[in-house]
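In what follows, a single structure is set out as structure tokens and then discussed.
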Amino acid sequence: MEEKLKKIQQDYLNRIGSSKTLKDLDEIFIGLFGKNGEVDTLSKQFKDIPKEELKTVGPLFNQIKQKLEKGIRVKREELREEIYQALENETLDTRSGEIKKRTGHIHPVTQFENEIIRLFNKLGFVRADAPQIDTDYNNFEVLNIPENHPARDLQDTLYISGKQQVTNDKLLLRTHTSNSQIRALSQNKPPIRLMNIGRCFRYENVDARHEHTFEQFEIVYVDKRVSMTHLQFLSEYFLKSVFGKDTKARLRPKYYPFVEPGTGVDSLCIFCKGKGCKVCGGIGWLEIGGAGMIHPQVLRNGGIDPDKYSGIAWGFGPERMVMLKYGIKDIRLFNSGDLEFLQKL
Ligand code: DAH
């Protein structure tokens, strides 16, 4: 029996020593100490062993049990240590290419605006910024829109609490990019060819065609003998570049206090080419922007002599143009952060 026990001990020590995983060790442990395991089976055989022999075999048996149990415990620690080491050395390589890349892209309206800038850079127009938070004076007064002027009703305004420090003027979120006009005129000498593109804000009832936050594209062009002809040409250049060669521009009388004469700028309906359809309401033309000859008083406000110089200005709605171009039905989608929509464009 003694020999048998020693042999079993050696076999198990070998198995423990060559175990590769914790699972291997679990199996050895159960095989030894589990129900009907090696230890169980052996102890059942003890009743047949002569008493004399049992005196040595019993302690040996207990010794072997302890030794094997300890062997398993030590080996288990070793294997755990190996696993921790392996985990510690393992790094997640995010550049490996196995993680699917999601590439973003420039917002469709910004893409369109970049295209506008390119188109008008070619004609010598330079971009000039104007602030989104501005004074009542720059946004309205200087453009011939005094307080209580009915034109203010067309642009419901978001005022900001607090005043401009130097002039003590009311502050507001600009309602149009025309707040760039007075800066363009007073900070430059003709010839002036500037454009301003950016955010505007109105206290609007939001629906599929109206947003409280939207973009405008403004130009100011002042030189000797600038006329409506230039306006017609530039409108046509712009619309043809965006909507294609078979588009036409039409200037239609419209009132804005800061231009005289003032015009709406229409594009030949890009869907029916003038025949009349649902989109243009049967008219054949779509209103895209407002424009006109800069009012002599506005030129004077900017320190420019209207007897020597004349100028044109316009304001277009880039979002409306992108909507027409790509058949987008709801202006609210642009600022929605809706990835499904944005990724389609
Ligand atoms: N600022 C006008 C608006 O928001 C658009 C506009 C009309 C701009 C005529 C101009 C202009 O520069 O000359 O409705």
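The values are calculated or read from the model by the stated rules, or taken from the named source; none is laboratory data. Bear in mind that the values here come from a model prediction, so they are computed numbers and not experimental data. Glycine gets a Cβ as well: all are built from the backbone with ideal geometry, and neighbour counts include every protein chain shown. Only protein heavy atoms, including side chains, enter the accessible area calculation; ligands, DNA and RNA are left aside. Shrake-Rupley method; radii C 1.70, N 1.55, O 1.52, S 1.80 Å.
Protein heavy-atom accessible surface, 1.4 Å probe, per residue over segment 2-89: 72 Å².
Ignoring lysines fewer than eight residues from LYS20 along the same chain, the ones with Cα atoms less than 16 angstrom from its Cα are LYS75. Measuring between their Cα centroids, segment 175-195 and segment 275-329 lie 16 Å from each other. Dipole magnitude for the chain: about 820 debye, using +1 per Lys or Arg Cβ and -1 per Asp or Glu Cβ, origin at the Cα centre. The spacing between segment 52-128 and segment 224-260, judged by their C-alpha centroids, is 60 Å.
Using the Cα gyration tensor of segment 109-342, with a ≥ b ≥ c the square roots of its eigenvalues, what is the shape: rounded (a/c below 1.5), prolate (a/b larger than b/c) or oblate (neither)?
oblate
Between PHE61, PHE271, PHE125, find the one with the highest GNM mean-square fluctuation for the chain; connect C-alpha pairs within less than 10 Å. Top of the fluctuation ranking is PHE61.
Rounded to whole numbers, the Karplus 3J(HN,Hα) couplings from phi for segment 185-195 are 6, 7, 9, 9, 10, x, x, 10, 9, 10, 9 Hz, using 6.51 cos²θ - 1.76 cosθ + 1.60 with θ = phi - 60°, and x at Gly and Pro. Using C-alpha pairs below 8 Å separated by at least 6 residues, the relative contact order for segment 109-342 is 19 percent. Among the cysteines of the chain, those with no neighbouring cysteine Cβ under 4.7 Å are CYS200. Under a Gaussian network description of the chain, with springs only between Cα atoms under 10 Å, the residue in TYR237, TYR12, TYR255 that fluctuates furthest is TYR12.
Mean-square fluctuations from a GNM of the chain, with a 10 angstrom spring cutoff on Cα atoms, peak among GLN111, GLN63, GLN181 at GLN63.
Close amide-amide hydrogen proximity is noted between GLY274 and CYS269, each under 5 Å apart and 5 or more residues distant or on a separate chain (H modeled in the peptide plane; Pro and chain starts excluded).
Under the criterion of Cα pairs below 8 Å and six or more residues apart, the relative contact order for segment 2-89 equals 41 percent. The Cβ shell under 14 Å around PHE214 holds other residues with a net charge of -3, Lys and Arg each +1, Asp and Glu each -1. Compared with the dominant principal axis of the Cα atoms in the chain, helix 51-89 is inclined by about 20°.
Tell me, what % of the accessible area of the chain is carbon and sulfur with a 1.4 angstrom probe?
Result for the chain: 52 percent of the exposed heavy-atom area is carbon or sulfur.
Averaged over its residues, segment 240-345 has an accessible area of 49 Å² per residue, based on protein heavy atoms and a 1.4 Å probe. Accessible surface for CYS280 stands near 10 Å², nearest 10, in the context of the full protein assembly shown (1.4 Å probe). So, R0 is 22 Å and r is the distance between the beta-carbons of ASN14 and SER43; what FRET efficiency does that work out to, to 0.05? Plugging the Cβ-Cβ distance into 1/(1 + (r/R0)^6) gives 0.45.
Straight-line cross-link reach from LYS278 at under 23 Å between alpha-carbon atoms covers these lysines, not counting any fewer than eight positions away in the same chain: LYS240, LYS245, LYS248, LYS325, LYS329.
What FRET efficiency comes out for the pair THR21/LYS100, r = Cβ-Cβ distance, R0 = 25 Å, nearest 0.05? Before the final figure, lay out the partial values.
Numbers: r = 32 Å, r/R0 = 1.28.
After rounding, the FRET efficiency stands at 0.20.
In the chain, helical runs assigned H by DSSP with n ≥ 4 each contribute -39500 (n - 2.57); averaged across all residues and rounded to the nearest 500, the mean residue ellipticity at 222 nm is -12500 deg cm²/dmol. Proximity of backbone amide H atoms, modeled 1.01 Å from N, is registered between ASP156 and TYR203 at under 5 Å, excluding neighbours fewer than 5 places apart on the same chain. Specify which residue in the list LEU54, ILE8, LEU42 is farthest towards the positive end of the charge dipole of segment 2-89, using unit charges on the beta carbon of Lys, Arg (+1) and Asp, Glu (-1), about the Cα centre. Most positive-ward Cα: LEU54.
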